[in-house]
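This report refers to the structure that appears directly beneath it.
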Amino acid sequence: MPCLLVLLLLAFPRAVMVLMFLFSDYLQRAYHSLLIPLLGFFVLPLTTIVYAWLVNSHLPLEGINVVFLLLAIAIDLGGMGGGEWHRRNR
């Protein structure tokens, strides 16, 4: 079951963020205003969710946790740049 949740999170991070916002206070506990999650929804949704997970789990931003955050950033930025790369190769 946890693997299915991770796959859904990776496939549909914006939908997961909307569901988290509507049905829990997970994002509100990690971010004290609505501005950062709203920007995260449009720019870096997976990074926003991973950071909220780190804050809500009371995990320090060091070691392997930084690797998780950097991996989320790389996945988010890779999704943005992939379309541009394919467009240029046509």
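Computed from the coordinates by the stated procedures, all read-outs in this text should not be read as laboratory data. Note that this is a predicted model, so its numbers are computed, not measured. Using ideal geometry, Cβ is built from the backbone for each residue, glycine included, and neighbour counts are taken over all protein chains shown.
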>> If you fit an axis through the alpha-carbon atoms of helix 13-23 and take the longest principal axis of the Cα set of the chain, what angle between them do you get, 0 to 90°, nearest 10?
In response: 20 degrees
> Among 11-19, 62-70, 40-48, what's the highest-first ranking by average C-beta atoms within 10 angstrom per residue?
Replying inline: 40-48, 11-19, 62-70
> In whole percent, what relative contact order does the chain give with Cα contacts below 8 Å and a gap of six or more residues?
Replying inline: 24 percent
